[in-house]
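Engineer: Pasting a structure here, questions to come.
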Amino acid sequence: MTAMTMIEALRSAMDVMLARDERVVIFGEDVGYFGGVFRCTQGLQKKYGEERVFDTPINESAIAGMAIGMAAQGMRPCAEIQFADYMYPAYDQITQEAARIRHRSNGDFTCPLTIRMPTGGGIYGGQTHSQSPEALFTHVAGLKVVQPSTPYDAKGLLIASIEDPDPVIFLEPKRLYNGPFDGDHTATSQGWAQHPAGDVPEEYYRIDLGKASVRREGAALTILAYGTMVFVAERAVRDTGVDAEIIDLRTLLPLDLETIRASVEKTGRCLVLHEATRTSGFGGELIAEVQEACFWHLEAPIVRVTGWDAPYPHAQEWDYFPGPKRAARGIARVMEA
């Protein structure tokens, strides 16, 4: 085991797969010589050469289109969209082409493609560097959607994504790149070296997609979260003293409904927590799934805590960000109902 940041764990995953499978290629804006805007690919071009790790023009549609063509011909591209906010020019290629290849070819072609995207706020990125577009991808049949919350999970899930025969949208919470974050922006930043999930094997391992993780066991309430919100949930639980069970979804599509159902049937109450905007956010789908699967076990209405229905602000970032105080109020609502 080696102490790694999430950045280092992601780089290690790509390093392992480049060495393990000659079909794997890494590319995107500035990912080669520069090592990416967050340095996730730093040193990989020097190690594997410009044909395996290379820069592209500032053209997200071209990045996605080229990756789809490579994947259809048997390669395993791992492409980077520099910020998730920049994926919109590529959305047509991803949703109309990558997601449909297996189906429109009657299984003759697959699309083993991974697209990495830094997601979410908390870094003063403003409206066009802070979005959480996961719901735009979970709505599309044919895609898989992943969002890790720790370095250990990030490496194992990225390896599994690159090995997957179908297209995977791999969303990386950039506020967690260098350490866990519980939503208190006034506190001293903590690195991953002090966190158990910062211990990451240097060698190959994988975490299968579609499997959630129980981050904290509890009996009074189930909290469903992913990415940065897992740590906000942990902080809110500590602050309120409620014996909550925290489920880190890790994979949003396919969803591990079995783990969710088992938890809600045990606790009888459920809170959904995510950073993205409320209306048509992924939380609405989670609520529907829990309502349908666990109706007779619920003792209170399901509550969701989310970002606001507004563009992500710059000057008022922490009013938008669903921090521990807002999460604690949500916990109080569901417990008092």
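Engineer: Which lysines, on any chain, are close to residue 46 with Cα under 22 Å apart, when same-chain ones fewer than 8 places away are left out?
Structural biologist: Of all the lysines, those that pass the test against residue 46 - Cα under 22 Å, at least 8 places apart if same chain - are 155.
Engineer: Run the accessible area of the chain with a 1.4 Å probe and give the carbon-and-sulfur part as a rounded percent.
Structural biologist: Whole-percent figure for carbon plus sulfur exposure: 49.
Engineer: Can you list the chymotrypsin sites (Phe, Trp or Tyr not before Pro) in the range 1-92 that are in a DSSP coil and have 13 or fewer other beta carbons within 10 angstrom?
Structural biologist: 33, 34
Engineer: HN-Hα J couplings of the range 65-71 from phi, Karplus 6.51/-1.76/1.60, θ = phi - 60°, integer Hz, Gly and Pro as x?
Structural biologist: x, 5, 5, 5, x, 4, 5
Engineer: In bins 10 Å wide, starting from 0, what share of all Cα pairs of the chain does each bin hold, as a percent?
Structural biologist: 6, 27, 35, 23, 8, 1
Engineer: Here is a further query. Compute the separation of the alpha-carbon centres of the range 207-236 and the range 267-294 and state it in Å as a whole number.
Structural biologist: The range 207-236 and the range 267-294 have Cα centres spaced 13 Å from each other.
Engineer: Against the longest principal axis of the chain, how steep is helix 6-20, in degrees 0 to 90 to the nearest 10, with axes from Cα atoms?
Structural biologist: Computed tilt is about 40 degrees.
Engineer: Take the Cα atoms of the range 257-314, find their three principal axes, and give me the spread along each one in whole Å, biggest first.
Structural biologist: 41, 18, 15
Engineer: Leaving out ligands and nucleic acids, note down the accessible area per residue over the chain with a 1.4 angstrom probe, in whole Å².
Structural biologist: About 41 Å² of surface per residue is accessible.
Engineer: Rounding to the nearest 20 debye, state how big the charge dipole of the chain is about its Cα centre with +1 on each Lys and Arg Cβ and -1 on each Asp and Glu Cβ.
Structural biologist: Computed about the Cα centre, the dipole is about 220 debye.
Engineer: Based on the alpha carbon coordinates of the range 61-190, what radius of gyration and maximum Cα-Cα distance (Dmax) apply, in Å?
Structural biologist: 15.4, 54
Engineer: Write down the percent of antiparallel bridges among all DSSP beta bridges whose residues are both part of the chain, to the nearest 5.
Structural biologist: Working: 7 of 39 bridges.
If I count the DSSP bridges inside the chain, around 20 percent turn out antiparallel.
The values are calculated or read from the model by the stated rules, or taken from the named source; none is laboratory data. Here the structure is a predicted model, which means the values were calculated and not measured. All Cβ positions, glycine included, derive from the backbone under ideal geometry; neighbour counts span all protein chains shown. To get the accessible areas, we keep the full protein, side chains included, count just its heavy atoms, and leave off ligands, DNA and RNA. Shrake-Rupley method; radii C 1.70, N 1.55, O 1.52, S 1.80 Å.
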